[in-house]
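These notes concern the structure reproduced below.
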Amino acid sequence: MYSNQLQRLVKAISMLEKAAENGITKAQVYMGFYCARKDNHSAAAKYFKMASKAKDPVAMYHLGSCLENGLGIKKDLQKAGHMYEEAAELGHV
């Protein structure tokens, strides 16, 4: 039973990753969350950056957080502020 659930989870994550790599914005955001949860901050920042290019406000906010704290990406407070501002302008509260 447990093995079957694990296999399904691995397959779901693989499918999500493929969708993210193929430009599906929400998949990029979810992969960012998944990678951050697994403490893979460089991959999280990569996916949040990808989704930010599509003007996803949630991704922009979380990319700002990565930039502010230097998580998986070079710390840059000016860029972090810009991401936070854009996210807010797009409705992220």
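The values are calculated or read from the model by the stated rules, or taken from the named source; none is laboratory data. A quick note: this is a predicted structure, and the numbers were derived from the prediction, not measured. Cβ coordinates were reconstructed from backbone atoms using ideal geometry, including for glycine residues, and neighbour counts include every protein chain displayed. Remember, those area values only see protein heavy atoms, side chains included, never the ligands or the DNA or RNA. Shrake-Rupley method; radii C 1.70, N 1.55, O 1.52, S 1.80 Å.
Brief remarks follow.
- Boolean, LYS46 is closer than 24 Å to SER14 by Cβ, of a type in the set (D, E, K, R), out of contact with any strand residue (DSSP E or B) (no Cβ under 6 Å at 6 or more places or on another chain) and buried (at least 16 other Cβ atoms within 10 Å of the Cβ): yes
- Of the listed requirements (1) in contact with a Lys or Arg (Cβ under 8 Å, 6 or more places away or on another chain); (2) open to solvent by 70 Å² or more (accessible area, probe 1.4 Å); (3) acidic (Asp, Glu), GLU86 misses just one: (2).
- Hits in the range 35-80 - residues which are among the charged types (D, E, K, R) and within 11 Å of the chain's Cα centre (by Cα): ARG37, LYS46, LYS49, ASP56
- Pairs linking a residue in the range 57-70 that is of a type in the set (Asp, Glu) to a residue that is surrounded by 17 or more Cβ atoms within 10 Å (Cβ to Cβ) and in a helix (DSSP H, G or I), with Cβ atoms under 7 Å and 6 or more positions apart or on different chains, are GLU68/ALA80.
- Residue selected from the range 50-83 under the condition among the acidic types (Asp, Glu) and under 18 Å from CYS35 (Cβ atoms), by the criterion surrounded by the fewest Cβ atoms within 10 Å (Cβ to Cβ): GLU68
- Restricting the first member to the range 74-88 and to residues that are aromatic (Phe, Trp, Tyr), and the second to residues that are open to solvent by less than 50 Å² (accessible area, probe 1.4 Å), the beta-carbon pairs closer than 8 Å and six or more apart or on different chains are TYR84/MET60; TYR84/GLY64.
- Of the residues making up the range 30-43, those that are in contact with a Leu (Cβ under 9 Å, 6 or more places away or on another chain), open to solvent by 40 Å² or more (accessible area, probe 1.4 Å) and farther than 21 Å from GLY81 by Cα are TYR30, TYR34.
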